[in-house]
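> Let me give you the structure first, and then I'll get to my questions.
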Amino acid sequence: MIAWSDVWEFLPKIRVKLTVFLLIVSTFLLLGFLDFFTNHGPNNCEMTYMFEKPEYVEVALNKSVKTSFPRYSLYVYGEGRYARDLEMGKLDGIPVVFIPGNAGSYRQVRSLASVCLRKQYDKGLKSGFDFFTIDFDEEFSAFYGKLLYDQTRFLQQVVKSVLELYGGRRDGVVLIGHSMGGIVARALFGLPGFNPTNVRVIFTLATPHASPVAVPDSLVAEFYREVEEVWREGCRSGDFSHVTVVSITGGFRDVQVWSGLGKPRGIPDDSFISTVSTSIPDVWVGTDHLCIVWCKQLVLALSRAIFDIADFGFKRISTDPSLTRQILNYHLKKRSGGKKFWSTSHPPEITMDKEAYWWELIKKRWSFTWEDFPKKTYVAVPLYDEKDYETLTVLVSNHKEKDWLFACKMLATQNSLKSCSNGINLSRFGRIVQGTLKRKTVDLNLKHLRVQNFTHAVVLHPGPQYHVTVFGDVYEKKSRVLEFWPNYWTSYLTPAVVISRTEPGALKYKVIFKSGFQNMCKAYHLIVDTLTCKGTDSSAAAHGWVEFGVPANADHVVEALRSEVGSEQRVRLKLQSAYNFSTGLPAYIAVILLTGFIGQVEALAKEGKCPSFHSACCSLKGLLFIVLPFRIISYLLMTPGVLDWVPETDVSILERENLDHMLLPLLLYCAAFPLVYILSTCSWLVVMACGSALHQLTLRVFTKLVRVKEPISELAVDGLTRFPAIAVILLLAIGHATSGGFALVLGLVYYYIKVFKFYEEFVESLVAKGVGAAVRTVRERLARSNNRGGDSRREDAEEVNNSQADNRRSSISVGSSQEPNEGVISRRRWTITSASRTTPEREEGVGDGGNTVQNELDIAEDNNPEIVNEEEENLADLINIRARFHFGVLMLWLWAVAVNVSSVLSWATRLRYSVRLDPDPSAMTGFLILLTAVIVWQPNVPHLNRSNFFISPKCLRILGIAMLLYASVSTYRLGPLLALCFIWLAMHERWSKPSQ
């Protein structure tokens, strides 16, 4: 059996290899992140332009509203003469309220508002829509939950004020929210006193409905929980049955809100429409997070949908929710005809053109171009009672007729050919699909048509003048439905073949991936290869596309459609896996920083030395004693009946959202590893290269704030450096008066200067050591030249020196026996002063003997240069130890500031309205960390040889496990957990005892 001691003896031997391996893996992961954030292809959105100068007319609100919300305002959008009417208070349209998102501007409404205004003029309408827009002062609402509550309450007052402007002539408004504005619109329904019937439609653009992108404070998490509960209860009771919520996400180009967050929890599918801009008819492009509000293709589609659901006779949105959802689904998901819903309604029956030509097909797969038909032709497909004749897929290109697909009974004979006099219109089952030409496709169940006694399915070809191409494919449904179980790990290196070879002329295959796609962390690359392409023209490749469908609570489906002009063209479908993850990186960065700090503490206790922070972070103990136990504990906590009393962890949330898998912690650890290296390297460069500049900048700022002369401010800053307790008191007062996060930022600047002083003293000690060595060399050479007078004189001098050295050693042993040795790097105790000078402390209990020892030491130092050299080396080592140790603590402080930066941003943006941030999510973290700084910032920290820990550093690893369990998603919990690390350090330095 292998002993653990043998393992630990072997581990240092592979540390270098492990570091190289982690760096290689981390480099690939960083390249993946870089690719994810940069490789999005060209932005195919067209810019939306205004026809006239956009103007924003401010709406006067009630005095009580302005008093309660001094930061917010309300405007109404206008152009030209319409803006002049708005200035005179003429409002006669349907009110629409635009709600900006995180750091969003009220001016983002201009694209949609301008297009709708121009559409109103083109239609000849006297009134259309009045677009109101809210100015939230571009607040960071995604980072501070208190702002979400304030914005929701202000939106309630806006809806009330807007309806009052119409004098009771309007019974509701349309809400359009971008980003966090969409969740604010839904939160409106949970406020007491709000009438839900005032809103019938909510459009949300790039809104994270399912969960926030980040959880920087507990108020954001609580806000989402309340919204979810309100809507779940409202939909269950039927109070919100009249409301239709539309969620549009930007697809792959939006790196802030991925499409999976667009589907909220608690809303039934019949009252919610979720789609991606890449799948909206006539849009077909991805949009980034900001582009989604001005992308011309999407803005035009939204304007058509809004106009179609409006009842301009009563100047309101349709009161029939089923009709509203039907219209919105037509425009945003499945459009079968033209751009207007009412004009494309398909009549149930069609009378056939008697002058048209009829052609009955016997083949199962066929294609026709405009050159094949001299005039208008009906292509009839017989409905044979065979299993091969089960499904018909038709694809038409450049077909402008809205009614083009029918089912009929062939009874009459025309020109020796069978024909139908009338038929049932099936065009409503078709839909337009993406392509350079206007294309439509349909899938017909021929078995259902045979049950209704139809004999043929009929496709209309309008004739050669329209350049229409028609493709058809009759097949048995199960022969084209494939179930595939992708192996995520093996397909990463070699693509897995899903379809080895398609049938000649096949139009459609449906592939159901039974596993793999339910996890966000598993991404795939779909590859379509053309194997043979004989007897086809160059336009054949333009008829192929791939569609991804993600049904709710079902297997993920990929429909691969390929149109074939030639009978020999075949394709192969392959699947290759890739990585896609980012959840939990802040927690893993904190764990690696904590691992480095623990390594430094343990090295100080065992060896009396402090390794560099970079080398301490490379320890295997982070993986073995934090990440591995975390993975085991997380699985235990998710097991039913095991530790049910433990609060729900963030891992359970990730598992519920299908964002977790077994090796995710290892991948995140490797991804966080280079980020920690970059962060620590930049911090070290700031300390070494910019420490002096930072010190001078602090002096100037202090001089301007206090309004004193620079020498006095320099003395004050040096005094704060010498007496950290005073600095801590000032920072605590600042944190109480402003924000705890801001106080942590000031403390970070103070700590950077302090660590810079340590490194400055270290460099000065090295310079002094070099100068001293040079001086001693010169003295030795001079001494040798002066001592050439005779052997007797030299022997006498050596005897005196040896006698003095023996006396010194005996004096040192007597003085050192009075107190346990404080450091293994030196045989004397040293106190470091700000001027980098050292003086031996007087030992307790020695009495007058201490002065005797000091006098003997001075004599020995003058006569024995080797003693001076040893003491200078010990002094440099001691300063280096403290500099390295405080740099490790500085990195923990830096990350505590990083996880509370949202509070700092929120405080800074609200500064002109209130000096104090209330409530302050960073108050507790700031107070605890600053309180421990009274001990941590003392000049004699760390104490050496303190192996008798008051609390074992293994407890810090428990904190690391807690970070991964409860702060992988809820990043606001990282602050208090990091504060506990500082509390441990303060208790260790205050109450631990020196080892004997």
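The values are calculated or read from the model by the stated rules, or taken from the named source; none is laboratory data. Just so we're clear, the structure is a prediction, and the values are computed from it rather than from any experiment. Cβ coordinates were reconstructed from backbone atoms using ideal geometry, including for glycine residues, and neighbour counts include every protein chain displayed. Just so you know, the surface numbers come from the protein's heavy atoms only, side chains and all, with ligands and any DNA or RNA stripped out. Shrake-Rupley method; radii C 1.70, N 1.55, O 1.52, S 1.80 Å.
> Based on what the data block shows, is Leu91 closer than 23 Å to Lys66 by Cβ, hydrophobic (A, V, I, L, M, F, W, C) and either open to solvent by 10 Å² or more (accessible area, probe 1.4 Å) or in contact (Cβ under 8 Å) with a residue 12 or more places away in the chain (or both)? Spell out how you get there, then give the answer.
Values: closer than 23 Å to Lys66 by Cβ: yes; hydrophobic (A, V, I, L, M, F, W, C): yes; either open to solvent by 10 Å² or more (accessible area, probe 1.4 Å) or in contact (Cβ under 8 Å) with a residue 12 or more places away in the chain (or both): yes.
Yes; evaluated as a whole, the condition is true for this residue.
> I'm trying to understand the selection: among the residues of the stretch 254-270, which are in a helix (DSSP H, G or I) and open to solvent by 10 Å² or more (accessible area, probe 1.4 Å)?
So the first thing to find is which residues in the stretch 254-270 are in a helix (DSSP H, G or I), and the list is 259-262, 269-270.
Hits for the stretch 254-270 are Ser259, Gly260, Leu261, Asp269, Asp270.
> I've got another one for you. Tell me, which residue of the stretch 123-151 that is of a type in the set (D, E, K, R) and within 25 Å of the chain's Cα centre (by Cα) is most open to solvent (accessible area, probe 1.4 Å)?
Filtering the stretch 123-151 down to residues of a type in the set (D, E, K, R) leaves 123, 126, 130, 135, 137-139, 146, 150.
When the remaining residues are screened for being within 25 Å of the chain's Cα centre (by Cα), the result is 137-139, 146, 150.
Details: Asp137: 39, Glu138: 94, Glu139: 4, Lys146: 53, Asp150: 8 Å².
My answer is Glu138.
> I'd like the full set of residues that are in contact with a Gly (Cβ under 6 Å, 6 or more places away or on another chain) and more than 20 Å from Ser968 (Cβ to Cβ), limited to the stretch 609-634. Break it down stepwise before answering.
Taking the stretch 609-634 and keeping what is in contact with a Gly (Cβ under 6 Å, 6 or more places away or on another chain), we get 613, 616-617, 619, 626.
Matches in the stretch 609-634: Phe613, Ala616, Ser619.
> Could you identify the single residue in Thr278, Thr319, Thr324 that is outside any loop (DSSP other than H, G, I, E, B), among the hydroxyl-bearing types (Ser, Thr, Tyr), surrounded by fewer than 21 Cβ atoms within 10 Å (Cβ to Cβ) and assigned by the TED database to the domain that holds Ile99? Step through it out loud before you land on a result.
Working: Thr319 fails: outside any loop (DSSP other than H, G, I, E, B); Thr324 fails: surrounded by fewer than 21 Cβ atoms within 10 Å (Cβ to Cβ).
Being outside any loop (DSSP other than H, G, I, E, B), among the hydroxyl-bearing types (Ser, Thr, Tyr), surrounded by fewer than 21 Cβ atoms within 10 Å (Cβ to Cβ) and assigned by the TED database to the domain that holds Ile99 holds for just one of Thr278, Thr319, Thr324, which is Thr278.
> Hey, another quick one. If I filter the stretch 967-978 for residues that are in the same structural domain as Leu637 (by the TED database) and touching a Gly at 6+ places or on another chain (Cβ under 6 Å), do I get at least one hit?
The first filter runs over the stretch 967-978 and keeps only residues in the same structural domain as Leu637 (by the TED database), leaving 967-978.
Still in the running and touching a Gly at 6+ places or on another chain (Cβ under 6 Å): 968.
There is at least one residue in the stretch 967-978 that is in the same structural domain as Leu637 (by the TED database) and touching a Gly at 6+ places or on another chain (Cβ under 6 Å).
> Could you go through the stretch 440-458 and let me know if any residue there is touching a residue at least 60 places away in the same chain (Cβ under 8 Å) and out of contact with any Leu (no Cβ under 9 Å at 6 or more places or on another chain). Spell out how you get there, then give the answer.
In the first step, residues of the stretch 440-458 are kept if they are touching a residue at least 60 places away in the same chain (Cβ under 8 Å); the result is 440-441, 443, 446, 449-450, 454-458.
From what's left, out of contact with any Leu (no Cβ under 9 Å at 6 or more places or on another chain): none.
Looking for residues that are touching a residue at least 60 places away in the same chain (Cβ under 8 Å) and out of contact with any Leu (no Cβ under 9 Å at 6 or more places or on another chain), one finds none in the stretch 440-458, hence no.
> Looking at the stretch 603-631 only, could you name the residues that are within 24 Å of Ile24 (Cα to Cα) and without any contact (Cβ under 8 Å) to a residue 24 or more places away in the chain? Give the steps one after another, and end with the answer.
Initial filter on the stretch 603-631 (within 24 Å of Ile24 (Cα to Cα)): 611-628, 631.
Passing the criteria: Ser615, Leu624, Leu628.
This table checks each residue for (1) within 35 Å of the chain's Cα centre (by Cα); (2) assigned to a loop (DSSP other than H, G, I, E, B); (3) over 27 Å from Asp353 (Cβ atoms).
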position	(1), (2), (3)
Ile424	no, no, no
Ile432	yes, no, no
Thr436	yes, yes, yes
Lys440	no, no, no
Asn453	no, yes, no
Ala457	no, no, no
Gln465	no, no, no
Phe471	no, no, no
Val474	no, no, no
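> What about Gly286, is it surrounded by fewer than 22 Cβ atoms within 10 Å (Cβ to Cβ) and not assigned by the TED database to the domain that holds Lys400? If you could, list the steps in order and put the result at the bottom.
Working: surrounded by fewer than 22 Cβ atoms within 10 Å (Cβ to Cβ): no; not assigned by the TED database to the domain that holds Lys400: yes.
Answer is no for this residue.
> How many residues are open to solvent by 10 Å² or more (accessible area, probe 1.4 Å) and either in a helix (DSSP H, G or I) or free of Cβ contacts under 8 Å to residues at least 60 places away in the same chain (or both) if we restrict to the stretch 733-752? Reasoning before the result, please.
First, the residues of the stretch 733-752 that are open to solvent by 10 Å² or more (accessible area, probe 1.4 Å): 733-738, 742, 745-746, 748-750, 752.
If we keep only those that are either in a helix (DSSP H, G or I) or free of Cβ contacts under 8 Å to residues at least 60 places away in the same chain (or both) too, we end up with 733-737, 742, 745-746, 748-750, 752.
Result for the stretch 733-752: 12.
> Cβ-Cβ below 8 Å, separation at least six or inter-chain, first residue in the stretch 931-947 and not assigned by the TED database to the domain that holds Phe887 and hydroxyl-bearing (Ser, Thr, Tyr), second crowded, with 17+ Cβ neighbours inside 10 Å and modelled with pLDDT of 90 or more: which pairs?
As it stands, the answer is none, since no pair meets every condition given.
> A further question on this structure: Out of all the residues in the stretch 70-120, which are of a type in the set (A, V, I, L, M, F, W, C) and either more than 17 Å from Phe307 (Cα to Cα) or not assigned by the TED database to the domain that holds Gln256 (or both)? Write out each step before concluding.
To start, the set of residues in the stretch 70-120 that are of a type in the set (A, V, I, L, M, F, W, C) comprises 74, 76, 83, 86, 88, 91, 94, 96-99, 103, 109, 112-113, 115-117.
Of everything in the stretch 70-120, those that are of a type in the set (A, V, I, L, M, F, W, C) and either more than 17 Å from Phe307 (Cα to Cα) or not assigned by the TED database to the domain that holds Gln256 (or both) turn out to be Leu74, Val76, Ala83, Leu86, Met88, Leu91, Ile99, Ala103.
> Looking only at helices (runs of 4 or more DSSP H) that fall completely inside the stretch 101-211, which ones have 2 or more residues that are under 22 Å from Val276 (Cα atoms)? Let's see the steps before the verdict.
Numbers: elements: 110-123, 145-165, 180-187.
The helices (runs of 4 or more DSSP H) meeting that bar are 110-123, 180-187.
> Within the stretch 292-316, work out how many residues are within 27 Å of the chain's Cα centre (by Cα) and crowded, with 21+ Cβ neighbours inside 10 Å.
Counting residues in the stretch 292-316 that are within 27 Å of the chain's Cα centre (by Cα) and crowded, with 21+ Cβ neighbours inside 10 Å gives 5.
> Yes or no: the stretch 703-712 includes at least one residue that is acidic (Asp, Glu) and at pLDDT 85 or above.
Within the stretch 703-712, the subset acidic (Asp, Glu) is 710.
Retained after the next criterion (residues that are at pLDDT 85 or above): none.
No, the stretch 703-712 has no match at all.
> Within the group Tyr389, Tyr384, which residue is at pLDDT below 90, closer than 15 Å to Tyr475 by Cβ and surrounded by 17 or more Cβ atoms within 10 Å (Cβ to Cβ)? It would help to see each step written out before you state the result.
Numbers: Tyr384 fails: surrounded by 17 or more Cβ atoms within 10 Å (Cβ to Cβ).
Just a single option satisfies the conditions, and that option is Tyr389.
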